[in-house]
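The values are calculated or read from the model by the stated rules, or taken from the named source; none is laboratory data. These figures come from a predicted structure and were not determined experimentally. Neighbour counts run over all protein chains shown; Cβ positions are idealised from the backbone, glycine included.
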Amino acid sequence: MSKSDAMPLWHGTTILTVRKGGKVVIAGDGQVSLGQTVIKHNAKKVRPLGRGQVIAGFAGATADAFTLFERLEAKLEQYPDQLTRACVDLAKDWRTDRYLRRLEAMMLVADKSVSLVLTGTGDVLEPPAGVMGIGSGGNYALSAAKALIDMDLSAEEIARKSMAIAADICVYTNDQVVVESLDSE
């Protein structure tokens, strides 16, 4: 029996970041699924960190994501106003620490000047044009956001429209969207 046969996989989520017009937003849907069953409709996968100067969203196992939020919060305290440095330090720990290496999650984080994607393989990537999507519906939301980015829409409008498109396509994404925003440079 394989691992996937023994335990249903946690699926679901769409997290999107859009940076445009002096704003940066991260949006996330609220669905949590176990196998083919929706467990929760209104999970909050996007939240402010670092005394409100950073916003973050996660895709992956919920307990793993909370661990990463806590670790990132600690790194932001260690390196205030240095999001990139805090993320690189977290990525080093995530890649080398035996416990953290087993975490199954990805994060989008942003402050007033930079948006980043963090992965368990040690990647800290800055998305091109300030737009990135992660999670099971991430590519749908990303595609929609890229199509809308040149329109006369705000960052939040683009994020909400893109998340609605992802919710219409991805069975692991719903329309219960949480959006956090910051003024950007």
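Is it true that ALA86 is free of Cβ contacts under 8 Å to residues at least 12 places away in the same chain, over 20 Å from GLY133 (Cα atoms) and in a helix (DSSP H, G or I)?
Details: free of Cβ contacts under 8 Å to residues at least 12 places away in the same chain: no; over 20 Å from GLY133 (Cα atoms): yes; in a helix (DSSP H, G or I): yes.
Considered against the rule, which asks whether it is free of Cβ contacts under 8 Å to residues at least 12 places away in the same chain, over 20 Å from GLY133 (Cα atoms) and in a helix (DSSP H, G or I), ALA86 comes out as no.
Look at ALA129 and say whether it is modelled with pLDDT of 95 or more and among the hydrophobic types (A, V, I, L, M, F, W, C).
Working: modelled with pLDDT of 95 or more: no; among the hydrophobic types (A, V, I, L, M, F, W, C): yes.
Considered against the rule, which asks whether it is modelled with pLDDT of 95 or more and among the hydrophobic types (A, V, I, L, M, F, W, C), ALA129 comes out as no.
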Task: Among (1) modelled with pLDDT of 90 or more; (2) not in a strand (DSSP E or B), the one test that PRO8 misses - done: (1)
- [ ] Read through the list (1) among the hydrophobic types (A, V, I, L, M, F, W, C); (2) farther than 26 Å from GLY30 by Cβ; (3) more than 17 Å from the chain's Cα centre (by Cα), then give the number of the only condition that ALA91 fails.
- [x] (3)
Open item on the list: Please count how many residues of the range 42-66 are at pLDDT 90 or above and exposed (fewer than 14 other Cβ atoms within 10 Å of the Cβ).
Closed with: 4
Task: Failed item, numbered, when SER113 is tested on (1) touching a residue at least 24 places away in the same chain (Cβ under 8 Å); (2) assigned to a loop (DSSP other than H, G, I, E, B); (3) farther than 19 Å from PRO48 by Cα - done: (3)
Task: Unmet criterion (only one of (1) hydroxyl-bearing (Ser, Thr, Tyr); (2) surrounded by 16 or more Cβ atoms within 10 Å (Cβ to Cβ); (3) modelled with pLDDT under 95) for TYR140 - done: (3)
